[in-house]
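Report on one structure; see the data block that follows.
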Amino acid sequence: MRPTTDEFTRFHRVDLAETESTLLCARRYAEETEREFTLVAADHQTAGRGQRGNSWESERGQNLLLALVARPAFLPAAAQFRLSQTIALAVADTVARYTDDVAVKWPNDVYVGDRKICGMLIEHDLAGPAIARSVTGIGLNVNQTVFRSSAPNPVSLRQLCGRPLDREEVLRALLRRFCRYYDGLAEACVGTSGNKYYDRKNKYYDRNSYRSTCKNGDYTCAADRFSRLDEAYDARLYRRQGEYAWRDATGEFRAAIDHVGADGTLWLRDSAGGLRHYAFKEVEHII
């Protein structure tokens, strides 16, 4: 299928009938365009990847299998978790159009109740202190009704709504929400002189101006400017209130979420009152 451009003019869109993995081929398509974002969507993947090295199950033509390439050069590498928050919230808000009890399971899976409806993987290419390119693979269960893999708790929008959904409608809702969060993220990143490297009218940052400043290390990303993003993420966080069972390298324990750090670390307060903190893959919910 030939690459096309979405009506959302910020996206260079490529639709594929089948690919090994949208995540793997998205980088190549991103090199072919100057557009702000590249979106690769496929009806079927032969080797889709999930977290922790697992495969992602999806029946042909039933779900959304996407890879989204962005170039958030305005975002310092130390703040890369902010992009994870942005994409997870965009997906969660989209799912919430169709059902209730939608949450983000740290760091970026999307759940409905105790059932997983979306998983994602994010890879960053760094350029000095900034992020040159970010590639996110998204698998969102839309119309699949039977799951045969060993995944313990999958669910789809169709199962929740009781009717099939238009995948294109769901995708467009997701892209609109992504742009909204992404624009807010870009505007939160400012130079120390107060100059913004983002054109609100055209939705593009001034790449040359930013790169010159970035090269000299003359920028900051004030934490309080992310307060709205943090509040939205905190409000969506799975099992935010109360103690639950967890597992780390030492075994099982019970704890409540204390907070999620700006770098994406998860802070838990265990039953004895002690604080524990974890990077991605160092701890997991027991569901």
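Rule-based calculations on the coordinates, nothing more; no lab input. These numbers come from a predicted model, not from an experiment. Quick reminder, even Gly has a Cβ in these numbers, built from the backbone with ideal geometry, and neighbours come from all protein chains shown.
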Least to most buried among Arg163, Arg276, by other C-beta atoms within 10 Å and fewest first, runs Arg163, Arg276
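On full extension of the chain, what length is gained from Glu282 through Ala235, given 0.36 nm per residue of separation minus the C-alpha to C-alpha distance?
Details: separation 47, 0.36 × 47 = 16.92 nm, distance 2.30 nm.
Extending this stretch completely gives an extra 14.6 nm.
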A student applying the Cα gyration tensor rule (rounded when a/c is under 1.5; otherwise prolate if a/b is larger than b/c, oblate if not) would label the range 241-285 oblate
Counting sequence-distant residues (5 or more places) and residues on other chains, those with an amide H built under 5 Å from that of Ala127 are Ala132
In whole Hz, the Karplus estimates of ³J(HN,Hα) for the range 97-111 (6.51, -1.76, 1.60; θ = phi - 60°; x where Gly or Pro) are 5, 10, 7, 9, 6, 8, 9, 9, 8, 3, x, 8, 6, 10, 10
Assertion target for Leu65, Leu89, ordered by fewest C-beta neighbours within 10 angstrom first, is Leu89, Leu65
Going residue by residue through the range 24-29, the Karplus relation 6.51 cos²θ - 1.76 cosθ + 1.60 with θ = phi - 60° gives ³J(HN,Hα) values, rounded to whole Hz and with x marking Gly or Pro, of 6, 8, 5, 4, 5, 5
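Roughly what % of Cα-Cα distances in the range 112-183 sit above 16 Å, to the whole percent? Don't skip to the end; give the middle numbers.
On the way: 1607 of 2556 pairs.
Result: 63 percent of Cα pairs exceed 16 Å.
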